[in-house]
Amino acid sequence: MDSVLLVVHSLMRWVILVLLILSISKSYAGWKTKKPFGPGDRKTWLFTLIAAHITLLIGLYQVCFGRFGIFTSSLPEGTKLMKDSFYRFYWVEHPVGMIIAIALITMGYGMAKKAVADETKFKKAFWYFLIALILVLASIPWPFRHIIGRPLIPGM
């Protein structure tokens, strides 16, 4: 089951990246063209939120109980967490970066519910989503990252 969840978690990164880019582009276009906030904008932001939260739940399971989870494995003898780049990334950097990014995505979606001017909704959501995208990109274990890298498409 762990390997299936890991593949789903890894595939969801692409869903989140596409939805974040779509949310950023819609927010920017709405902000700059001063268009009214519509149900299409809200749905895009909602799908981004849902995908991020589903991935968060799978990721929390993985970090706690997965193959290299906090409760199912231990650090190699004589290794300190912050000096081991593999465990530091998967136990600290990746979870913290992604949790902050998902909090920003949640705040971006929260703008859809606020009773503020549409231009303000789009502007604030744009910045929340953009910063979230930067954090997601920095926290993904890309294949070119030494020791922590994972394939672009899981299983390949």
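General remarks:
- Pairs, first surrounded by fewer than 21 Cβ atoms within 10 Å (Cβ to Cβ) in region 101-112, second outside any helix (DSSP H, G or I), C-beta under 8 Å, six or more apart: Ala112/Phe37
- Subset of region 6-47 (residues that are farther than 19 Å from Leu104 by Cα, buried (at least 16 other Cβ atoms within 10 Å of the Cβ) and not small (Gly, Ala, Ser)): Leu6, His9, Phe37
- Out of Ile148, Ile131, Ile140, sole residue that is over 16 Å from the mean Cα position of the chain (by Cα), buried (at least 16 other Cβ atoms within 10 Å of the Cβ) and not charged (D, E, K, R): Ile148
- Restricting region 53-96 to residues that are touching a residue at least 12 places away in the same chain (Cβ under 8 Å) and of a type in the set (Gly, Ala, Ser) leaves a set whose member that is surrounded by the fewest Cβ atoms within 10 Å (Cβ to Cβ) is Ser85.
- Out of Trp45, Trp14, sole residue that is over 27 Å from Tyr90 (Cα atoms) and of a type in the set (Phe, Trp, Tyr): Trp45
- Pairs linking a residue in region 127-141 that is more than 14 Å from Val96 (Cβ to Cβ) to a residue that is hydrophobic (A, V, I, L, M, F, W, C) and at pLDDT 95 or above, with Cβ atoms under 6 Å and 6 or more positions apart or on different chains, are Tyr128/Leu104; Tyr128/Met107; Phe129/Leu20; Phe129/Ile24; Leu130/Ile24; Ile131/Leu104; Leu133/Leu20.
- When the criteria are applied in full, Gly110 fails the requirement of being of a type outside the set (A, V, I, L, M), more than 18 Å from the chain's Cα centre (by Cα), farther than 19 Å from Val8 by Cα and at pLDDT 90 or above.
- Residue match in region 95-106 (condition: hydroxyl-bearing (Ser, Thr, Tyr) and at pLDDT below 85): no
- Conditions (1) in a helix (DSSP H, G or I); (2) under 21 Å from Ala132 (Cβ atoms): number failed by Arg88: (2)
The values are calculated or read from the model by the stated rules, or taken from the named source; none is laboratory data. Quantities reported herein were computed from a predicted structural model and do not represent experimental measurements. All Cβ positions, even for glycine, are placed from backbone atoms using ideal geometry, and neighbour counts span all protein chains on display.
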